[in-house]
1. Tell me the per residue accessible area of the chain using a 1.4 Å probe; a whole number in Å² is fine.
2. By how many nm would the segment from E237 to T330 lengthen if fully extended, with 0.36 nm per residue of separation less the alpha-carbon distance?
3. What Cys residues in the chain are without a partner cysteine, judged by a Cβ distance under 4.7 Å?
4. Loop only by DSSP, 10 or fewer other Cβ within 10 Å of the Cβ. Give me the trypsin sites (Lys or Arg not before Pro) in the range 274-346 that pass, ordered by residue number.
5. Hey, got the dipole for the chain? About the Cα centre, +1 on K and R Cβ, -1 on D and E Cβ, debye to the nearest 20?
6. For the range 109-163 and the range 314-339, what is the separation of their C-alpha centers, rounded to whole Å?
7. For the range 128-181, with all protein chains present and a 1.4 Å probe, just round the carbon and sulfur fraction of the accessible area to a whole percent.
8. Can you give me the relative contact order of the range 8-344 as a percent, contacts being Cα pairs under 8 Å and 6 or more apart?
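The values are calculated or read from the model by the stated rules, or taken from the named source; none is laboratory data. Just so it is clear, the structure is predicted and the values come from calculations on it, not from any experiment. For neighbour counting, all protein chains shown are included, and Cβ atoms are generated from backbone atoms with ideal geometry for every residue, glycine included. For accessibility, only protein heavy atoms count, side chains too; no ligands or nucleic acids. Shrake-Rupley method; radii C 1.70, N 1.55, O 1.52, S 1.80 Å.
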Amino acid sequence: MTNKNTNSKESNTIQEILDLRGRPIKDLRISVIDACNFRCTYCMPNTKSYSFMTPDERLTADEIIRLAKIFTQLGVDKVRLTGGEPLLRKDLFQIISGLSSIKEIKDIALTTNAFYLKQQAKMLKDSGLTRITVSLDSLDPKTNTLMSGVTSELNRVIDGIRYAQELGFNPIKMNTVVKKGMNDQDIKDLVQFSLNNNIILRMIEYMDVGNQNDWKLESVIPSKVLVEQISKYAPLEVIEPNYHGEVATRYRFKESKGEIGFISSVTQAFCGSCNRGRISASGKFYKCLFSTEELDLRALLRANHSDQEITKKIVETWTQRNDNYSETRTEQTKKRKKIEMYEMGG
Ligand code: SAM
Ligand code: SF4
Ligand code: SF4
């Protein structure tokens, strides 16, 4: 599809927009596919069955690139590719190459379960990807199998991480969702692994995303508790955020080189500085991970709307944004209808 306005003068003028709480849009999460080869208990429990979008339903690489360009004109300078499992998308190279040709985008990151990382790391590097985050919840094969919902192939994941590091993806970040009674006993090993391998560990509080994971508040271990526990064997010292709106609270290890972060969406909500928008693989734009309202960007693209018309719709949507779900979460709100994280993009 041709982009009627890519070279227009307007496209070079960044018009930052603020929502009703004064928050800009800076960080765009783009889901490239909803399907996944894992069935993590907290995301797509394998007790349920799933049907995924057809290739026609997904945005094409050109549509994704065109939208990303439009969003940069409203202030976006970071893009994260996610899913589902983004490494299942066959034309990822075209998507990333297209994004890396957009000068306003300073950072293109990807979140992956790393199952296919070793095969694809070189392609990712060549396409212009700047950062990789790997999701890994346990180094114990039994726990890993339980949490990922598929027979653990830890060596494969670790080989993928090491190869990506050799290619220059440094530092790699590692997301660990902590679920009480599931992987809390594995944290010490994960901390040690991250220190030995120059990885920045991010411990994420288990969230009530979607309606499938049977979330319970009692399964959440507050980050504060984790910081206290880890400090007993690896003393920690808080460090400054890298930038305004960073979701992780960062600590450095006092006795060794390395850093760890905690994403405390449940116990210390950070909605006040949330500058993230999300586009699902089918082109729906969401203002919040817990939002059910959407702007159907695919419909606009495929009805041949101009960049200006699409921009106008995005501006109307963002400037009406008032979301702050994590500040209002209770055991009751978890029952609200939500969109699954693998559909919307994590
Ligand atoms: N499949 C890729 C992966 O797992 O890295 C990318 C998509 S996944 C939805 C993105 C991130 O969301 C992963 O790091 C995953 O651990 C996290 N996530 C999924 N469900 C979650 C939940 N209920 N609470 C907290 N984080 C969650
Ligand atoms: Fe797949 Fe990622 Fe969800 Fe796990 S968290 S089921 S790897 S999309
Ligand atoms: Fe942002 Fe919504 Fe999460 Fe709050 S709940 S931090 S507004 S995505």
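1. Working: 15410 Å² over 346 residues.
It amounts to 45 Å² per residue over the chain.
2. On the way: separation 93, 0.36 × 93 = 33.48 nm, distance 3.05 nm.
So the chain would gain 30.4 nm between E237 and T330.
3. C36, C271, C274, C288
4. In loop regions of the range 274-346 (DSSP not H, G, I, E or B), the sparsely surrounded trypsin sites (Lys or Arg not before Pro) are K337.
5. Values: 51 positive and 44 negative charges, 26 e Å.
Using only the charged Cβ atoms, the result is roughly 120 debye.
6. Cα centres, the range 109-163 to the range 314-339: 31 Å.
7. Working: 1150 of 2280 Å².
Here carbon and sulfur together make up 51 percent of the probe-accessible area.
8. Values: 646 pairs, mean separation 71.2, N = 337.
In percent, rounded to a whole number, it is 21.
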